[in-house]
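Notes for the one structure printed next.
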Amino acid sequence: MKNTVYAVVIVVCLVLALVIFLVTRSGGSGGADQLKRGEMMWVKCNNPDCKAEYQIDKKDYTTGLEEKVKVNPLSSQTPALVCQKCGKESLFWAVKCESCGKMFFYGVVPSDFSDRCPDCKYSKTEAERKARAAGAATQQ
Ligand SMILES: [Zn+2]
Ligand SMILES: [Zn+2]
């Protein structure tokens, strides 16, 4: 029982640390200010009646996320942004699988790589790590 409590406390501390990092990174004016425009990322709507998938500027996403965190700093969940298509707060970071092209939510597979595809199990992070490990092995 005690272990469960400790685990919860650790998770809360990690989330808090991340939030503090995001909010204070650029001296209080918001970390998004330091991001350059032009880098696009995928987002996906979690509203079953909408399911919109589109690309937005990473800076817009980060700015939106920071505003949500400021309003509700103790929330342990990733805040959802407002969907451009249906207007609901159900927009999350999505990943487009480079192997099969499926669009899925970032971190959809628990306790695994955050970019693990739930369909074909491809993970770009894992593939890059394997490639790096293989490269290191051939150099020896
Ligand atoms: Zn939507
Ligand atoms: Zn896939």
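Computed quantities for the displayed model
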| read-out | value |
| --- | --- |
| Conditions (1) at pLDDT 95 or above; (2) under 21 Å from residue 16 (Cα atoms); number of the one not met by residue 100 | (2) |
| Filtered residues of region 81-140 (kept if within 16 Å of ligand 1 (Cβ to nearest atom) and of a type in the set (S, T, N, Q)) | 84, 90 |
| Close pairs (9 angstrom Cβ cut-off, 6 or more residues apart or separate chains): aromatic (Phe, Trp, Tyr) in region 116-136, open to solvent by 50 Å² or more (accessible area, probe 1.4 Å) and away from ligand 1 (no atom under 16 Å from the Cβ) anywhere | 122/98; 122/99; 122/100 |
| Test: residue in region 80-103 that is of a type outside the set (Gly, Ala, Ser), in contact (Cβ under 8 Å) with a residue 60 or more places away in the chain and more than 27 Å from residue 13 (Cβ to Cβ) | yes |
| Qualifying positions in region 69-88 - charged (D, E, K, R) and at pLDDT 95 or above | 85, 88 |
| Criterion: more than 25 Å from residue 88 (Cβ to Cβ), at pLDDT 90 or above, in the same structural domain as residue 91 (by TED's automatic domain parsing) and not β-branched (Val, Ile, Thr) - qualifying residue of 39, 53, 66 | 39 |
| Of residues in region 113-140 being surrounded by 11 or more Cβ atoms within 10 Å (Cβ to Cβ) and small (Gly, Ala, Ser), the one nearest to ligand 2 (Cβ to nearest atom) | 123 |
| Candidate set from region 78-99 (those that are within 16 Å of ligand 2 (Cβ to nearest atom) and over 16 Å from the mean Cα position of the chain (by Cα)); member that is most open to solvent (accessible area, probe 1.4 Å) | 98 |
| Scope region 49-61; condition without any contact (Cβ under 8 Å) to a residue 40 or more places away in the chain and either charged (D, E, K, R) or assigned to a helix (DSSP H, G or I) (or both); matching residues | 49, 51, 57, 58, 59, 60, 61 |
| Residue in region 30-48 that is least open to solvent (accessible area, probe 1.4 Å), counting only those that are more than 10 Å from ligand 1 (Cβ to nearest atom) and in a loop (DSSP other than H, G, I, E, B) | 30 |
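The values are calculated or read from the model by the stated rules, or taken from the named source; none is laboratory data. Please read these numbers as outputs of a predicted model, since none were measured by experiment. Note that we place each Cβ from the backbone using ideal geometry, even for glycine, and neighbour counts take in every protein chain shown. Just the protein is used for accessible areas: all its heavy atoms, side chains included, with ligands, DNA and RNA removed. Shrake-Rupley method; radii C 1.70, N 1.55, O 1.52, S 1.80 Å.
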